[in-house]
1. Going through A:49, A:55 one at a time, which residue ends up being β-branched (Val, Ile, Thr), surrounded by fewer than 23 Cβ atoms within 10 Å (Cβ to Cβ), in contact with an Asp or Glu (Cβ under 9 Å, 6 or more places away or on another chain) and more than 9 Å from every other protein chain (Cβ to nearest Cβ)?
2. So how many residues does the stretch A:85-114 have that are closer than 27 Å to residue A:75 by Cα, part of a strand (DSSP E or B) and open to solvent by 30 Å² or more (accessible area, probe 1.4 Å)?
3. Going by the structure shown, is residue B:74 open to solvent by less than 10 Å² (accessible area, probe 1.4 Å), under 20 Å from the mean Cα position of the chain (by Cα) and of a type in the set (Lys, Arg)?
4. Which of the strands (runs of 3 or more DSSP E) found entirely inside the stretch B:141-203 contain at least 2 residues meeting this: crowded, with 24+ Cβ neighbours inside 10 Å, over 12 Å from the mean Cα position of the chain (by Cα) and of a type outside the set (Gly, Ala, Ser)?
5. Residues of the stretch B:63-112 being touching a residue at least 24 places away in the same chain (Cβ under 8 Å) and among the hydroxyl-bearing types (Ser, Thr, Tyr), which ones?
6. Just checking, which of B:133, B:126 is within 14 Å of another protein chain (Cβ to nearest Cβ), surrounded by fewer than 18 Cβ atoms within 10 Å (Cβ to Cβ) and out of contact with any Ser or Thr (no Cβ under 6 Å at 6 or more places or on another chain)?
7. Determine which member of the set A:7, A:73 is out of contact with any Gly (no Cβ under 6 Å at 6 or more places or on another chain), modelled with pLDDT of 95 or more and more than 9 Å from chain B (Cβ to nearest Cβ).
8. Would you be able to say whether some residue in the stretch B:92-110 is within 14 Å of chain A (Cβ to nearest Cβ) and either surrounded by 18 or more Cβ atoms within 10 Å (Cβ to Cβ) or on the phi > 0 side of the Ramachandran plot (or both)?
Amino acid sequence: MHELSVCQAMLTQVEEIARRENARDVTRIVVRIGPLAGVVPDLLQQAFTVARAGTIAAEAELVTEEQPIRVSCLSCGAESDVLPNRLLCKSCGDYRTRVISGDELLLASVELNRLSDERLHRPA
Amino acid sequence: MCDTCGCNVTQGNQHLIQEGGKHEHTHDGKVAVEVLLNLLSENDHQAGHNREHFDNHQVLAINLMSSPGSGKTRLLESTIDALKEKYRIGVIEGDLETENDAERIRAKGVSAVQITTGTACHLDAHMIHDALHQMDLDSIDILFIENVGNLVCPASFDLGQHRNVTLLSVTEGDDKPSKYPVIFRAADHVLITKSDLLAVLDDFEPEKAESAVRQLAVEAPVSLTSAKSGEGLDLWLSWLEGQIDEQSIRRSEGKTATPKIAPEGQQLYTHG
């Protein structure tokens, strides 16, 4: 259950971004997770409901975008969509392939309300 | 030990975020900040510093990962016996509780730091950094990091090591690489351990285990070993000595290395 560690690391980054952006609160966090990243999106969601408490993202929604696993063959150059435990080239069967999608563990974007926006829109 | 201690992820992250960061307003007035940064970039940043320390002190760092009880400590004991006259060895042991493994290593005359993680299921780069404060890297040629016994979580955390070794004992079944692809894919060398037990286990086929590893697009060597009988240890030891030589060549050229399969975030923070 290392998803809690991952989630805390994510929130540290989000809080830093929120501080820099002068945010009042964070409303949405989008992460991109490949099946080969070793992080389970559902468990990350569960960890998030606990870890977000007391942070600037306490009311935020966490969106996990799952990526397909895709390999590029170093032998014949073909690209194939594959399963996590079978990363072979579907065209020629070679095992010398490179994963081009499916091992991401990325903080994609953070949606927030700025403090300054409120001040700007406040009537004089 | 660390002339960059106190550095924080903020500064390390900042240029990356600014470089790729696009700010745009959504329809309802909220601000969407595009980030595209590895979720574990704080860990990876620390791992990059650890790797820089290892390199500055000419140390080769090897991370050992496996299930609990597949023979990591036993392998280290045999490795120390075989190499301690030739190389200076240090060990960091990771477990939830007890000093038992560190004591086994110290009994071999090698310095060992035990990290007890409490409930954490893996080592991370910050724990390694703290442990390094208790080690004299100038008196070590090879540092073995024995990760917490766990076939899932350790694979996601870069510690600053140069190479990963994943162990699979014959009692675990020859389809383990298919069941736990992430950790076997991360391996620079797969060791099938406890081969002496094959005599009483008729349902483990080393060829099937190797085939399951190859299906993960892993070109790394797969060696059948027994730390007890000594079978196959020559394959492991010669690989290890090759790694020490490669590290020495890399250092003379001012280069470093990450494990072959390293997530993008780890490569971003590779120093040297």
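The values are calculated or read from the model by the stated rules, or taken from the named source; none is laboratory data. None of these values were measured; they are calculated from a predicted model. Positions of Cβ are generated from backbone atoms using ideal geometry, with glycine treated the same way; all protein chains shown enter the neighbour counts. Note: accessible area is taken over every heavy atom of the protein model, side chains too, but ligands, DNA and RNA are not part of it. Shrake-Rupley method; radii C 1.70, N 1.55, O 1.52, S 1.80 Å.
1. The match here is A:55.
2. Count: 3.
3. Spelling it out, it is not the case that residue B:74 is open to solvent by less than 10 Å² (accessible area, probe 1.4 Å), under 20 Å from the mean Cα position of the chain (by Cα) and of a type in the set (Lys, Arg).
4. Ranges flagged: B:189-193.
5. Result: B:66, B:67, B:70, B:73, B:78, B:79, B:87, B:111.
6. Among B:133, B:126, only B:126 is within 14 Å of another protein chain (Cβ to nearest Cβ), surrounded by fewer than 18 Cβ atoms within 10 Å (Cβ to Cβ) and out of contact with any Ser or Thr (no Cβ under 6 Å at 6 or more places or on another chain).
7. Testing whether each residue is out of contact with any Gly (no Cβ under 6 Å at 6 or more places or on another chain), modelled with pLDDT of 95 or more and more than 9 Å from chain B (Cβ to nearest Cβ) leaves just A:73.
8. yes
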